[in-house]
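Since the structure comes first, as structure tokens, the remarks are kept for the end.
The values are calculated or read from the model by the stated rules, or taken from the named source; none is laboratory data. The structure presented is a predicted model; accordingly, all values stated were derived computationally and were not measured. Note: ideal-geometry Cβ built from the backbone for every residue, glycine included; neighbour counts use all protein chains shown.
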Amino acid sequence: MSSVIDLLKAHRSIRKFTDQSIDPALFEDLVKSGQAAATSSFLQGSTIVRVSDKEKRSEIAKLSGNQTYVETAAEFMVFCADLKRAGNYCAEYEMPFEGDFTEHFIIATVDVALMAQSMVTAAESVGLGICYIGGIRNNPALVCELLELPRGVYPVFGLCLGYPDQNPEVKPRLPVSVIMKQDVYNEDGDRQAITEYDSLIREYYRTRTGGGHGASWSEQVSSLLSEKSRPHMKDFLAAQGFKFR
Ligand SMILES: Cc1cc2nc3c(=O)[nH]c(=O)nc-3n(C[C@H](O)[C@H](O)[C@H](O)COP(=O)(O)O)c2cc1C
């Protein structure tokens, strides 16, 4: 790989892994690389639960919609937003706990995403492959139970990590003109650019994923947004202590 830029542009999710394990020293270095990401207000509001227990893995694979790579990847981790660790010190220093505002939720969730993505980049730079698993939010209460996550901590996504046993094509992204605007938000030219992008994505599915569903990007995302999505999340988060004040 010639540069970090080439590496980032070569990303593709991996859903088939060899059974090769990851050297423990390398694994720790990857975690440290993730930790080095910027963190809002120095909160460090992320906790990784590394899941090695086979039964727990199998349970999580099932509840995530039978995503078998959760079981077969060398490593599987659940990335959690964590306001508890810092919140403990409000009690310690006899201060009120006000850490359940929407703003705190955003801070911790962003922290988790940045940490995970830095770890992902580090992992891909040494030839490992990854797949994020949002499927854990199908049943987040069960994930909390399995991993003993306390109030103030919630599972944001899982991450499979291992040596790739496949080499899928890079999935094309939207044109830059659509996702970056100059000074003000506008949709000028987007319709035409997205129509062309839709053809590219249809083609990508037809030819590069063994004749997959062949749906365009706009068909996929409109269908996503036309359905209720994990409606349990609001009550689940409230029960976990995220009150959105
Ligand atoms: C937070 C998050 C959750 C995701 N959850 C899943 C998942 O549950 N299962 C899966 O197979 N892929 C999952 N993905 C992977 C996306 O489907 C994938 O990144 C996207 O289709 C683009 O493909 P690429 O990563 O190969 O470029 C997730 C990605 C993100 C960022």
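Every residue in the stretch 142-171 that is more than 18 Å from the chain's Cα centre (by Cα), away from the ligand (no atom under 16 Å from the Cβ) and not in a loop (DSSP other than H, G, I, E, B), please. The answer is GLU145, LEU146. The single condition among (1) surrounded by 14 or more Cβ atoms within 10 Å (Cβ to Cβ); (2) in contact with a Phe, Trp or Tyr (Cβ under 6 Å, 6 or more places away or on another chain) that GLN20 does not satisfy is (1). Of the candidates ARG50, ARG57, the single residue that is under 16 Å from VAL156 (Cα atoms), modelled with pLDDT of 95 or more and among the charged types (D, E, K, R) is ARG50. With the requirement that a residue be small (Gly, Ala, Ser) and crowded, with 19+ Cβ neighbours inside 10 Å, what does the stretch 44-60 give you? GLY45, SER46, listed by residue number. Can you find, within the stretch 69-79, the residue that is nearest to the ligand (Cβ to nearest atom) among those that are β-branched (Val, Ile, Thr) and out of contact with any Asp or Glu (no Cβ under 9 Å at 6 or more places or on another chain)? Going through the qualifying residues, I end up with VAL70. Of all the listed residues (LEU63, LEU8), the sole one being in contact (Cβ under 8 Å) with a residue 12 or more places away in the chain, surrounded by fewer than 16 Cβ atoms within 10 Å (Cβ to Cβ) and either farther than 28 Å from ASN139 by Cα or within 13 Å of the ligand (Cβ to nearest atom) (or both) is LEU8. The numbered conditions (1) within 15 Å of the ligand (Cβ to nearest atom); (2) crowded, with 21+ Cβ neighbours inside 10 Å; (3) over 30 Å from GLN166 (Cα atoms) are all true for ASP82 except (1).
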